[in-house]
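Remarks on the structure that follows.
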Amino acid sequence: MRIVIDMQGAQAEHRVDFAGRCALSLARAIVRQRGSHEVVLALNGLFPDTIEPLRAAFDGLLPQEQIRVWYTPDQLSAQAQPAEAQRALAESVREAFLAAQGADLVLVTSLFEGYARDGITSVGAFTWQPPVAVLVHDLRPLREPSLLPEPGRAAHYRAKAEYLQRAAQVLVLEPGVARDAAELLGRDALDLSVGQSGMAPASWDQMAQRAIAAFEALHQADAAPTAQPEALLGQLIARVPQALGAAQTDTQLRTWAHILSRFPQANGKRQLLVDISELVQRDARTGVQRVTRSILKELLDNPPAEYEVVPVYVTASGQGYRYACAFTAQFLGTPLASADAPIDYQPGDVFLGLDLLPHLVPQHRAYLESLRRDGVRMYFVVYDLLPVLMPQFFPPGTADGHHAWLQAISRFDGAVCISHAVALELADWQRAYAAPRLRPFEISWFHLGADVGRSVPSRGLPDNAADVLARLASSPTLLAVGTIEPRKQYGQLLAAFELLWGRGVDANVVMVGKQGWMVDELVARLRSHPEAGKRLFWLEGISDEYLEKIYAASNALVAPSAGEGFGLPLIEAAQHKLALIARDLPVFREVGGEHAFYFSGTRPQDLATAIADWLAKHAAGSAPSSAGLPWLTWADSARQLMQVVLGQAGRAAQLLTPAALVSTARPRVLTLAPYPVRRPRHGGQLRAAAMLRVYEAAGFDVHPVGFYQAEAYEAADIGPHDIAFPSDSPFRNYRGVPMPALSDFLMGPFSVDTDQVFRKIVGALPGPVDVIQVEQPWMYALARWLQLESPLCRGALLVNSSHNIEAPMKRAILAQGGCPVLIEHAVADMSAIERELAREAELSLAVTVEDAEALRTYGAPRVLHAANGISPWRADEQRCAQWRARLPQKPWPIFIASAHPPNYTGFLDAIGDSLACIPEGSKLVVAGGVGPHLERELGKSRWGALNMSRLQVLGVLDDADLAAVKSLAHAFLLPIGGGGGSNIKTAEALYSGRPVVCTRTALRGFEHFAGLPEVTVAATPEEFQAGIRKVLEQPAPAPAAGADLRASLTWDACLGAVPREVASLLAQRKGNV
């Protein structure tokens, strides 16, 4: 069965609210659970800013060609009051498009779109349509008309409700909506939110399974044959004579042509659209065009399976690409079959930018982006980055033009470089300059061919060819091939030979290449040189046939170029058994390997010495030989290129291994925290470390910087970029008074006191920073300093990663002792920082709904609720056996906490200073830094002796030991009485599935777990003690929290939205969405 999902619920006016999120979540779940069914997503092209985010949301879940885009004329929102016929026609276009996808069933993710934006939804507006299921999120406006005070919106809503009556299936996500459907519309609705038991809430995957089961039943009951796209298109065109008759302008005609062209075409083959725009207009006989001719010839002669190779081109004055029919006919020597018409394309087609077009691609970027939005995969061949890496060798403006071209192609799907060296350079460039992306950019490489006979060689010899060849054969001859331009270092080569000739060395040098740029002085020297035509030969614009003979008459190729993309002359020279003398460049090493003689140095004497050394080795027979240097034919090269672009294995079994994929450009996050995260232990570290992991998993590079008190951490805890907060620093005092409880807050002024910290952070950065994330507010001043003063951080997005609302919590901690006036000053200072960061950060992260509301009251412009979670643990059986022998044999509870003061004071407040509630033979097991403090406080109690007999302190455990101890515990205690945020230990306890005794404060952020039978919530010490006795006296109940509910406690689930939100903000900044 083919299910077509109308995704406007995630595109139109409700895309950012609950309905939009539900539409996207259910669609993703249906794709995950589709099994043998086929799913096609239909996107409204009038919302172009939503298409790339949606494609990214399904990347890896669904092939991109299964995401189809449809179009209608714009300005169709009900609020804009379009003509009724115009809107009805748009509804017909949409329904015809959905049916043309071969739909057996259509799912509408939100029917009530289209009032404020150009959403188009309907049921039964076209003559033929498959069964339609509609997801309904809310019907309250039908029951309470006052919810829609605008008359136009109310009428729009009623009209959509009438369409709902035509739907074959109504789906809802909560029982209340199902009741409204029955009472207000007389329609039965399938509530996806109720699990099989009828009680437990369902996950998205479970809801998707129920939806698919309903679709299957509907399909079996109404298995009407699918309509052919041609028939549907014919019916649609029959409906639009009036619209087409009114389309008197070129713009209107192009609009309708584009609308109709998006319907599926009958031709089963995909197109490989090969851009040869420069070659079509002029064959300048450059190296790039030689590659373009050769690859194009191979692709046309041996097209990849399931693809039709179609050369295309664009001009500076054109409005989009055209088929290069005339050029192709001339190129292949075949009759012209058709004129150069505008291209047509379908999802799954591939565009390959084979020609180098630094001026045309940026100019036509918007057109090319429209192809990508519509499902065409877009790749470009990158020959080199020399204009941006070595701008001194190119005319003014070249570097800017090449930079603009690189930025333009970096917005598409990938680049295929002509060498691994260029691929690495492009990856480095992208890390520094490319805009953030929602889908990865693939950087791959292939090698060029070198069989000149297959490159459509040029023919012809000059009149003096025989004389020149005879002179070359009379003495050792070194050949240099390439345009005469500064990068090729012909000036150094000429000066080196002048030194050699002056020393009596008899050798020829031949330079083959046309005159380029910025070489007028050198060209004048070449033309007037005393050795010109004797031992110095400059051959301009010669044919490939003549070059072959020059190769044959030479002894060695010399490649003094300062930079290259590949080095094809090295391979061509090796084919002619010439020795190779090359500058020591990575790309020459890649191509030449051990078969070349390498030199370095930029002075004439450096090259002269190298040539003299080579001549001596050559005479002695010890110079490196080019024999055995591996090379590809153009057929091999084209197949390797297709392996990368199309993922095809190629026809030849002996083909080289596929070109390697190199790392893509990734946005970089700098995190600033008041603790190291290398070996996380306490809650703040655990959250910050988890944040690092989810960023990296989402394609970000993360550069963590933590400040730490040296006396509190071991060397293994410290990361390479962490910064010590010295024990003798004057900043350990607040207004001259030691206040250990404020150590994290005092790290802030320490970090900006001198530029020492600033220089250390900036000096260690591997490249530009896109995001600065402040873990807790104390490093805000440092973040602002970096934003303002460091070129690498200038303009970075600022993220406030709040762990608590800090100032009130600090007040509670400080109130236990200290000067009240000083405490009030400190709290005021901390509150000011916290509020300013909330206002200035472009994104604030809150661990609870209450914290999110507090941040909004502080003026935070954008707040994301990202709860605390846990890393799932698995206990080692051997460790468990070891610990089982050391722990109480009767059921025992565990209390896990750091040395943070509220942890042990909270214990005493919640439970009291007596452990009489722990049965004889059992003990309270305490893990973490809280243990010694709790032992001290309980020992001071009048019940001290009893307490010590019922207490077992384990101290700080490593992860493996802690996992074993947690797995053996009968119950978890959460005596949390204060503080802010949500407690990670609560998430761990709930995830364990064991009984939990806790305060209500401990469930902050986890309130939906309060009703589970394994959770006991205590309001007083007496209730807490009674709860402990009860859980230890009774067998542990089976956990009621299902796997899905428990999975919601993991860091991936809790923090997964953070990198997506940050990527979205970065993309909005750079216009990439």
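No value in this document is a laboratory result; all are computed from the given coordinates. If you're wondering where the values come from, they're calculated on a predicted model, not measured in any experiment. Don't worry about glycine lacking a Cβ; one is built from the backbone with ideal geometry, like all the others, and counts go over all protein chains shown.
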Residue span residue 524 to residue 116: 0.36 nm per residue of separation minus Cα-Cα distance leaves a gain in nm of 139.9 nm
DSSP beta bridges in the chain: the antiparallel percent, rounded to 5, is 5
Check: C-alpha center the range 791-816 vs C-alpha center the range 682-717, spacing in Å is 16
Between residue 257 and residue 389, the two model label points (7 Å from Cα along the beta-carbon direction) sit apart by a distance in nm of 4.2
Phi angles of the range 851-867, converted by Karplus (6.51 cos²θ - 1.76 cosθ + 1.60, θ = phi - 60°) into ³J(HN,Hα) in whole Hz with x for Gly and Pro, give 5, 4, 5, 4, 5, 5, 5, 6, x, 5, x, 8, 10, 10, 6, 10, 5
So the FRET efficiency between residue 825 and residue 182, C-beta based with R0 = 56 Å and rounded to 0.05, is 0.35
Note to self: C-alpha centroids of the range 109-167 and the range 464-517 sit apart, in Å, by 78
If the chain between residue 712 and residue 620 were fully extended at 0.36 nm per residue, the gain over the current Cα-Cα distance would be 26.3 nm
Cβ density ranking, 10 Å radius, fewest first, applied to 581, 805 yields 805, 581
For the pair residue 627 and residue 609, the simple spin-label estimate (label points 7 Å beyond Cα toward Cβ) gives in nm 3.1
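Based on the Cβ-Cβ distance of residue 228 and residue 155, what FRET efficiency does E = 1/(1 + (r/R0)^6) give at R0 = 30 Å, to the nearest 0.05?
The formula returns an efficiency of 0.25 here.
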Using alpha carbon centers only, the range 1-68 is separated from the range 921-986 by a whole-angstrom value of 48
Within the range 539-566, the residues whose backbone N lies under 19 Å from a label point placed 7 Å from the Cα of residue 531 along the Cα-to-Cβ direction are 539-540, 551, 553-561
The set of residues whose placed amide H lies less than 5 Å from the amide H of residue 864, leaving out same-chain residues fewer than 5 positions away, is 844, 845, 846
For residue 18 and residue 398, extending 7 Å from Cα along the Cα-Cβ vector and measuring point to point gives, in nm, a value of 6.2
Spelling it out for residue 415: with amide H atoms placed in the peptide plane at 1.01 Å from N, the residues 5 or more places away or on another chain with amide H under 5 Å from its amide H are 380, 442, 443, 444
Amide H proximity to residue 632 below 5 Å, modelled H, separation 5+ or other chain, gives 450
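By its C-alpha gyration tensor, with a ≥ b ≥ c as the square roots of the eigenvalues, how is the range 2-243 shaped: rounded for a/c under 1.5, else prolate for a/b larger than b/c, else oblate?
Rounded, since a/c falls under 1.5.
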Fewest to most Cβ atoms within 10 Å: 261, 475, 898 sort as 475, 261, 898
Asserting the computed 222 nm helical MRE of the chain (DSSP H runs at least 4 long, -39500 (n - 2.57) per run, divided by residue count, to nearest 500) equals -12500 deg cm²/dmol
To the nearest 0.05, the calculated FRET efficiency linking residue 942 and residue 862 through their beta-carbon distance, R0 being 56 Å, is 0.60
Note on the range 460-620: alpha-carbon gyration tensor, axes a ≥ b ≥ c; rule is a/c under 1.5 for rounded, else prolate if a/b larger than b/c, else oblate; result rounded
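Using Cβ contacts closer than 10 Å as the measure, can you line up 1051, 883, 778 from fewest to most? Please report the intermediate quantities before stating the final value.
Numbers: 1051 23, 883 20, 778 27.
Ascending Cβ contact count within 10 Å gives the list 883, 1051, 778.
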Where a ≥ b ≥ c are root eigenvalues of the Cα gyration tensor, a/c under 1.5 meaning rounded, otherwise prolate if a/b exceeds b/c and oblate otherwise, the range 887-1049 counts as rounded
Checked against the structure, the computed mean projected area of the Cα convex hull in nm² among [x] 46.4; [y] 42.1; [z] 53.9 is the one labelled [z]
Output row, site residue 1047, 7 Å Cα→C-beta label point, backbone N cut-off 18 Å, window the range 27-52, residues 27-35
